[in-house]
1. Which condition breaks for A:A222 when tested against (1) of a type in the set (A, V, I, L, M, F, W, C); (2) more than 18 Å from B:F137 (Cβ to Cβ); (3) more than 9 Å from chain B (Cβ to nearest Cβ)?
2. Do we have B:I239 as modelled with pLDDT under 90 and either more than 30 Å from A:R252 (Cβ to Cβ) or touching a Gly at 6+ places or on another chain (Cβ under 8 Å) (or both) here?
3. Taking A:S203 as the residue in question, decide whether it is out of contact with any Asp or Glu (no Cβ under 8 Å at 6 or more places or on another chain) and among the hydroxyl-bearing types (S, T, Y).
4. Please go through the range A:30-66 and pick out each residue that is within 27 Å of A:S156 (Cα to Cα), hydrophobic (A, V, I, L, M, F, W, C) and surrounded by 15 or more Cβ atoms within 10 Å (Cβ to Cβ).
5. Here is a check on your reading of the model: is B:R88 more than 30 Å from B:M241 (Cα to Cα) and either part of a helix (DSSP H, G or I) or more than 7 Å from every other protein chain (Cβ to nearest Cβ) (or both)?
6. Among the helices (runs of 4 or more DSSP H) lying completely within the range B:103-167, list those that include at least 1 residues that are at pLDDT 90 or above.
7. Name every residue in the range B:220-243 that is within 18 Å of the chain's Cα centre (by Cα), surrounded by fewer than 21 Cβ atoms within 10 Å (Cβ to Cβ) and either facing another protein chain (nearest Cβ under 10 Å) or over 19 Å from A:I107 (Cα atoms) (or both), in order of residue number.
8. Whether any residue in the range B:197-211 is at the interface with chain A (Cβ under 9 Å from one of its Cβ atoms), assigned to a helix (DSSP H, G or I) and among the small types (G, A, S) is what I want to check.
Amino acid sequence: MNRRIQPYLFVLPVTVLAGVLIYYSIGFAAWASLTDWNGLTTMNFIGLDNYVELYHDPLFWTALRNTFVFLVATITIQAGLGLLVAVIAKERLVGSNFFKAIFFLPIAMAPAIIATVFKYMLEANYGSINEVLRSMGIIDQSTVIQWLGADLGVWSIIAINVFQWMGFSMMIYYAALMSIPEELYEAAEIDGAGWWRRLLSISIPSLRGTTSVLIILGIVGALKTFDIVWLTTGGGPGGSTHFLSTLLYEERSNREAGYSSAIGMVILVLAFLLAMAQIRIANRDGGKS
Amino acid sequence: MRSRTPRGAKITMYLVLIFLASLWLFPIGLALYKSIQVGGWNNYNVVLNSDVFNYWQAIGNSFLMAGAASLVIVLVSSLAGFAFSKLRFRGRNLIYSLLLACLAVPVAAVVTPLFFSINTVGLRDSYLGVIIPLAAFNSLMMLLIMKNHFDTIPDEMIEAAALDGAGLFRTFSRILLPLSGPTLATVGTLSFVYSWNEFLLPNLLLRSAEKFPVTQAISLLEFDRMSLEQISQLYAGLILMTIPSVIVYLFAQRYLQAGVTAGAVKS
């Protein structure tokens, strides 16, 4: 067969499967967001009405704020803890593989299952967390902490996400740390640099590119987050813990397909803008990604 | 020579590790305890023999959908990874960039058109209707991993094969694939785990309880106003449903870790 055509045959399956499906869906969503589509039949062009409505929808701003708080908090906490554990694991202490395995295990487990376990543990009245706190005397017998309520809900969701994904940051940092040449450390030690000095002048600067990658993955990951929210608070009470993804899903099931597509477009634009901004910042700082 | 760590620092490190590990083990231990707190080990029997929830069917469904999706992913991502890495053709970089840009597209952002499309082609509430988007959305990360892997194989091997008159597909299957065992295992494991863990797509597309994968079947064990015994049974169900993931983890931890790292190191 012709050598000029053949390469295209190799890339055709993935291009048709993923490229066409995903770009078609984006194009479809872009068009649908300009209509009053109900998901089935009616589909009239209404211009930017959905976006105007979105702008005036307090739930949208709540969801946007929650998504953003989640994004900043999870990236920071997961990177911080991940780096801490990775730095310790690099010391090759006895049993450090065991600890690494514990932190990595949740990555293999389904977010849907982890979220459900936490939902029942965090339940206010009979949930285990409040029970434990009561039995230890930390809170009063009659106190009911609404872990999944309007005030704490987003933070509980953040905690569940940290439980699931911290091991990911840990593993990435660990791999990056192990790729730093051992000679650098030895030379520094001969020059009299102590443990902290070696950490701050060799390890941390070498991890810039890694941190940058983790931030990009964290941005995209935050915008993808759905299961943990949907299966714990479901966006409630009163929409106070909605994320963009769950708000979209709820509007879709309310037959607001045009409106939900507009939320989808906002998510896509945010994903691209934030990822681009991070890549630019990383390049300006001279970090490799 | 190994850099030495002061003794005091070592003790602090162990304390940090033990503290964090107990935070991580706490929910797992609590779930195990809760699963037998009311009703004892019999809860596991109850769940396995439930009328509303068929454990083995849910496992089978997850296995079928995740298995089929990962087979498709391994196939399409290795073929395309080879071409993007080793072959020259017009539009190569453009197509590759356009595909990788999709890595930033969350499934949740396009559920509305996705549902409509799958419904229109008559695949709603079918295994295939879930497998197709599952493979589509997970194949791009795997394409990245495969291409980066093929980049590490010297071009001279391809050129030598071409001189011997081997066709492209033959070069791919006889020379490159045999050098790619661990990467293929990594891509397969990662695809399987990610597909197994997916909740949004089946929740969007499946309606019949007998087709639910484990992530979706959990809801069958939840009722309004549950008794303490029913909650214990739910915990037992959750633990039973996690067992396959833990088994995969125990046997393929190496590949899972390799995959997670490979997908992040070079984006």
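1. Answer for A:A222: the failing condition is (2).
2. Answer is no for this residue.
3. Yes.
4. Within the range A:30-66, A:L54, A:L59, A:F60, A:A63, A:L64 meet the criteria.
5. yes
6. Here the list reads B:111-120, B:127-151.
7. Scanning the range B:220-243 gives no hits.
8. No, the range B:197-211 contains no residue that is at the interface with chain A (Cβ under 9 Å from one of its Cβ atoms), assigned to a helix (DSSP H, G or I) and among the small types (G, A, S).
The values are calculated or read from the model by the stated rules, or taken from the named source; none is laboratory data. Bear in mind that the values here come from a model prediction, so they are computed numbers and not experimental data. Counting neighbours? That spans all protein chains shown, and the Cβs are built from the backbone with ideal geometry, glycine included.
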